[in-house]
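Let me begin by presenting the structure, written as structure tokens, before commenting on it.
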Amino acid sequence: MTDFSDPRFHPTIRPRRLRTTAQVRNLVAETRLAPAEMVLPIFLVEGAKDPKEISSLPGIFQHSENSYKEAVCEAYEAGVGAIMPFGVPLKKDAVGSGAVDPEGVLAQAVRLAKEACPEMVVIADLCLDEFTDHGHCGLLDEDGNVDNDETLKQYAKMGLALAAAGSDFLGASGMMDGQIGALRAALDQDGYRRTGLLAYAAKYASAFFGPFREAVQSSLKGDRKAYQQDPANSREALREITLDVEEGADIVMVKPALAYLDIVAAARQLVDVPVSAYVVSGEYAMIEGAAASGAFDRKRVILEALTSVKRAGAGIIANYWATEVAGWLKEA
Ligand code: PBG
């Protein structure tokens, strides 16, 4: 017979005391989300008359100039900390000419954002994949391999065009060796000492980028495994992050976020610069799809997912819900 008078049936230490009411739970919460930590990725399509919803990213649009400016202002009013514009050019070519054009769609996106809302922090994505007809993030050599050092030169030109357009930071996402050092050199030589660098330091060759390829109408046939990281590796991520900080990264990013929370936590331990993480298109689509099928409470799951990214160590969270979430957080 079990003896229920055993003291072990009447514990003196009771963690549940800290969970009794909403007010007590709020008092002891270790992690809180704030609108200012949210970064909104946003797509501008060159020459688009009207915004068009992206079928694999329900609720997210390929913007026209007008709807883009409205979305930027709406994000700012909701308290979103920054936007991360991506440009979809009308024409793509082998070297991604649109990317280095001072009048190209991404430089235009930076200017339009600053026109619409001068205070909004802008982190333009610095990568060639939206602009190349082969869809790779860099220039190809004769054998069809991505040529690291030729690509760095094109990144430098792109960086200068985006800095001239007024981008506060450049989000270097191409995963070329030495890209942060090369960009820092180009910016400093041309007097853009205030323009910062957000390094997509640990970026994985992830299948979670799927819907993004539709969003930017990517023409990629193969994969990016020769420059983005192998999902099997974590030490490699630490090496990439260390190198980027040594080369002058002001902020580092881990991407994707939800499937790589261990990397986010390790990054936070490793370096003293701000750590950000990007809840990518496929992670968005996964949650939206499950919510639409009635599997779970959409709002709770979004907040839980973002809280997990913050708890893991990211103080800046790029995500497609940024404006909506900032609104919820303001109300709360
Ligand atoms: C590269 C870039 C990509 C994403 C952001 N920047 C695509 C890629 O590397 O394949 C993906 C973002 C997402 O999936 O939400 N320009």
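Here F61 passes the criteria (1) in contact (Cβ under 8 Å) with a residue 40 or more places away in the chain; (2) within 15 Å of the ligand (Cβ to nearest atom); (3) among the hydrophobic types (A, V, I, L, M, F, W, C) except the one numbered (1). The residues of region 207-238 that are within 11 Å of the ligand (Cβ to nearest atom) and in contact with a His (Cβ under 8 Å, 6 or more places away or on another chain), listed by number, are L220, R224. Of L162, L198, all but one fail to be over 30 Å from M286 (Cβ atoms) and either of a type outside the set (F, W, Y) or part of a loop (DSSP other than H, G, I, E, B) (or both); the exception is L162. Applying a threshold of 7 Å to beta carbon distances and a minimum spacing of six or more residues, or different chains, the list of pairs starting in region 197-217 at a residue that is closer than 26 Å to S55 by Cα and ending at one that is of a type in the set (D, E) and near the ligand (Cβ under 7 Å from one of its atoms) reads V216/E130. The single condition among (1) aromatic (F, W, Y); (2) surrounded by fewer than 17 Cβ atoms within 10 Å (Cβ to Cβ); (3) in contact (Cβ under 8 Å) with a residue 60 or more places away in the chain that Y284 does not meet is (2). Restricting attention to region 286-321, the residues being assigned to a strand (DSSP E or B) and of a type in the set (F, W, Y) number 0.
Restricting R268, R311, R298 to residues that are without any contact (Cβ under 8 Å) to a residue 24 or more places away in the chain and either among the basic types (K, R) or under 24 Å from A172 (Cα atoms) (or both) narrows the list to R298. I'd like the residue in region 127-156 that is within 16 Å of the ligand (Cβ to nearest atom) and charged (D, E, K, R) and, out of all such residues, is surrounded by the fewest Cβ atoms within 10 Å (Cβ to Cβ). Per the stated criteria, the residue is D133.
Every residue, every condition in (1) among the charged types (D, E, K, R); (2) within 16 Å of the ligand (Cβ to nearest atom), yes or no:
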{"position": "A285", "(1), (2)": "no, yes"}
{"position": "G294", "(1), (2)": "no, no"}
{"position": "V301", "(1), (2)": "no, no"}
{"position": "T307", "(1), (2)": "no, no"}
{"position": "K310", "(1), (2)": "yes, no"}
{"position": "A314", "(1), (2)": "no, yes"}
{"position": "Y320", "(1), (2)": "no, yes"}
{"position": "T323", "(1), (2)": "no, yes"}
{"position": "G327", "(1), (2)": "no, no"}
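Scan region 19-39 for residues that are among the aliphatic types (A, V, I, L, M) and assigned to a loop (DSSP other than H, G, I, E, B) and the total you get is 3. Residues in region 165-195 that are part of a helix (DSSP H, G or I) and closer than 23 Å to D223 by Cβ: Q179 only. Hey, does region 171-180 have a residue that's at pLDDT 95 or above, more than 13 Å from the ligand (Cβ to nearest atom) and over 23 Å from P41 (Cα atoms)? Within region 171-180, one or more residues are at pLDDT 95 or above, more than 13 Å from the ligand (Cβ to nearest atom) and over 23 Å from P41 (Cα atoms). Candidates T323, T242: the one that is of a type in the set (S, T, N, Q) and more than 23 Å from M175 (Cβ to Cβ) is T323. When you check L198 against the structure, is it within 14 Å of the ligand (Cβ to nearest atom) and crowded, with 20+ Cβ neighbours inside 10 Å, yes or no? Judged against the criteria, L198 is a match.
The values are calculated or read from the model by the stated rules, or taken from the named source; none is laboratory data. What you see is a predicted model, and the numbers here were worked out from it, not measured in a lab. Quick reminder, even Gly has a Cβ in these numbers, built from the backbone with ideal geometry, and neighbours come from all protein chains shown.
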